[in-house]
Amino acid sequence: VLVKICHSTMDLPFFKISGENGKREGQPPAFYLRQVYVDIFNTLVTLKQDQVLINGTR
């Protein structure tokens, strides 16, 4: 989890931003965010390479 609301208030909706790591082989080896997930208003937005998925649908 990268970011999430800690205290629910009337001013902010619940949201959570999380990611999935990937590993690149090579010199030097590196880690990167392979996918980013934004969960807000009961909707899951997935950012993956050049795609944006809403609840798993492109």
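The values are calculated or read from the model by the stated rules, or taken from the named source; none is laboratory data. Owing to the predicted nature of the structure, the values given are computational and were not obtained by experimental measurement. In this analysis, Cβ positions are derived from the backbone assuming ideal geometry, glycine residues included, and neighbour counts consider all displayed protein chains.
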message = If a residue must be among the β-branched types (Val, Ile, Thr) and modelled with pLDDT of 95 or more, how many such residues does the stretch 1-44 contain?
response = 4
inquiry  = One residue is enough: does the stretch 19-33 have a residue meeting the conditions aliphatic (A, V, I, L, M) and out of contact with any Lys or Arg (no Cβ under 8 Å at 6 or more places or on another chain)?
reply    = yes
task = Find all pairs meeting these conditions: Cβ atoms under 7 angstrom apart; at least six residues apart or on different chains; first residue within the stretch 1-28 and touching a residue at least 12 places away in the same chain (Cβ under 8 Å); second residue surrounded by 11 or more Cβ atoms within 10 Å (Cβ to Cβ) and in a loop (DSSP other than H, G, I, E, B).
result = Phe14/Ile5; Phe15/Ile5; Ile17/Leu2; Ser18/Leu2; Gly19/Leu2
